[in-house]
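This report refers to the structure that appears directly beneath it.
The values are calculated or read from the model by the stated rules, or taken from the named source; none is laboratory data. This is a predicted model, so every value here is computed, not measured. Neighbour counts are summed over all protein chains in view; Cβ atoms, including those assigned to glycine, are modelled from backbone coordinates with ideal geometry.
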Amino acid sequence: MSMAVERAEQRMPGASPVVSVTMGYGHLRAAFALGSELGVPVVEADTPPLAGAADLRVWRWARLAYEALSRLSQRPFVRFVAGPVLARLTRIPRIDGNRDLCRPDLAARALAELVRRGFGRRLAQAAARWDETLVTTFYMPAVAADAAGLQRVICVVTDTDVARIWVPRAPSASHIVYCVPARRTARRLIAYGVAPEMVHVTGFPLPPELAASAASDLERRLNRLTKDGSERQPPRLTLAVGGAGAQAERALTLTRAVVPLVLAGRLRLTLVAATHRDLASAFRRELERAGLDPGGPEAQSGVLVADAVPTYLERFNSLLADTDLLWTKPSELSFFAALGLPLLLAPPVGDHEEANRELVLAAGAGFDQPPASLFSSWLSDRLADASLAAAAKAGFAALPRDGAVRIADIVSTL
């Protein structure tokens, strides 16, 4: 990563890297899409050289705490304790005309104190040397750079709704420009005290290659999702587990439910383990136990896994072009419904995921996951009545696909 930073510092004006963090895949997914659109590298604020020893301890604690609570919130019995704790940590207050949401909450005050003590200083110093607009897909680098006096900071928001910590302690004095995926997000930031002119509704930055091929991918998808389609291949169900791996057991349960459809040649199935090697092994064992050949992502059934995040994202994007139903938690992948990709949503974890879920359902672009015991019959019914095809068309029509382009335009003019 240090070589990427050095190369970025030597690039011509307008070519500073996109800054992200490894907190799940959502922030990195947005960053790599923007990096591709801007033609710049992606660097991570939570790794050296942008993070010093003290910063690394903060990042490590934040990442471990979130991932542990995410996993525990999905496990029987334990989830009744971990779930409410995670809900409390990710709680987003209702917008109420009688409430002052501008005042920083405990989390925002804690971040401000960390920044005062030097958190993010190395990143701010590096960004100052780049002498260009700092683009980041996470709030902590944006807040730290803004506190250090950087005048051109763009923070790309990766959820439909966000907590107060995304905004500095004194928003009226901030220079951060926010690019947000939905109008609801803009209303939220303005309620926190961000000036309206500092918030731009751009849509989520989708991978440029998928946005460019969305129409042709949708046409092939509709062919597979309708009874009178000419496509000979059966539709593909992709089960995507998030960065914390919290939904692994749910994915295995759904796999067992649809095995008869795969064996009958009525469905293709891909399990996405991302960069989790142990999870990929468990997925392969489950497929073999069911009498299926794990094959590869393009086969009748298979597992997608990669050694590094950039490789995973590239392979996953290629897989999505051939996916007809995507099962995911309501994370940043909710916005991929804009590609004409119908979504099947696992239960949300936190208020931000609940907001993403509401966005998808309001657009008619997806469905809540049915009980595993009913999943096979539910899926057969949705294929028979063309509900999945209708959801694909609804998402394509209702949600924006040009987020990366619109954010790049703002970067060039700031």
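For this structure, a couple of remarks:
- Residues that are in a helix (DSSP H, G or I) and modelled with pLDDT of 85 or more within the stretch 235-259 comprise Glu249, Arg250, Ala251, Leu252, Thr253, Leu254, Thr255, Arg256, Ala257, Val258, Val259, listed in sequence order.
- A Cβ distance below 6 Å, combined with a sequence gap of six or more or placement on separate chains, defines the contacts here; from the stretch 386-414, residues that are within 30 Å of Arg236 (Cβ to Cβ) reach residues that are basic (Lys, Arg) and part of a helix (DSSP H, G or I) in the pairs Leu388/Arg382; Ala392/Arg221.
- Test: residue in the stretch 200-220 that is among the basic types (Lys, Arg) and either assigned to a loop (DSSP other than H, G, I, E, B) or outside the structural domain of His352 (by TED's automatic domain parsing) (or both): no
- Taking the stretch 1-97 as the region of interest, the helices (runs of 4 or more DSSP H) fully inside it that hold 3 or more residues being surrounded by fewer than 17 Cβ atoms within 10 Å (Cβ to Cβ) and modelled with pLDDT under 60 are 2-9, 79-89.
- Screening the candidates Arg188, Arg183, Arg121, Arg129 for the property of being in the same structural domain as Val19 (by TED's automatic domain parsing), surrounded by fewer than 20 Cβ atoms within 10 Å (Cβ to Cβ) and either modelled with pLDDT of 95 or more or not basic (Lys, Arg) (or both) yields one hit, Arg183.
- Evaluation of Ala394 against (1) farther than 22 Å from Gly24 by Cα; (2) buried (at least 18 other Cβ atoms within 10 Å of the Cβ); (3) not assigned by TED's automatic domain parsing to the domain that holds Ala251 (one fails), failing number: (3)
- Any hit, the stretch 161-174, residues being surrounded by fewer than 24 Cβ atoms within 10 Å (Cβ to Cβ), of a type in the set (A, V, I, L, M, F, W, C) and outside any loop (DSSP other than H, G, I, E, B): yes
- For Ser377: the one exception among (1) part of a helix (DSSP H, G or I); (2) under 19 Å from the mean Cα position of the chain (by Cα): (2)
- Meets criteria (surrounded by 22 or more Cβ atoms within 10 Å (Cβ to Cβ) and touching a residue at least 12 places away in the same chain (Cβ under 8 Å)) for Gly364: no
- Just one of the listed residues (Glu314, Glu358) is free of Cβ contacts under 8 Å to residues at least 12 places away in the same chain and surrounded by fewer than 19 Cβ atoms within 10 Å (Cβ to Cβ), namely Glu314.
- For the stretch 184-205, a tally of residues being touching a residue at least 60 places away in the same chain (Cβ under 8 Å), in contact with a Leu (Cβ under 7 Å, 6 or more places away or on another chain) and more than 17 Å from Asp100 (Cα to Cα) returns 1.
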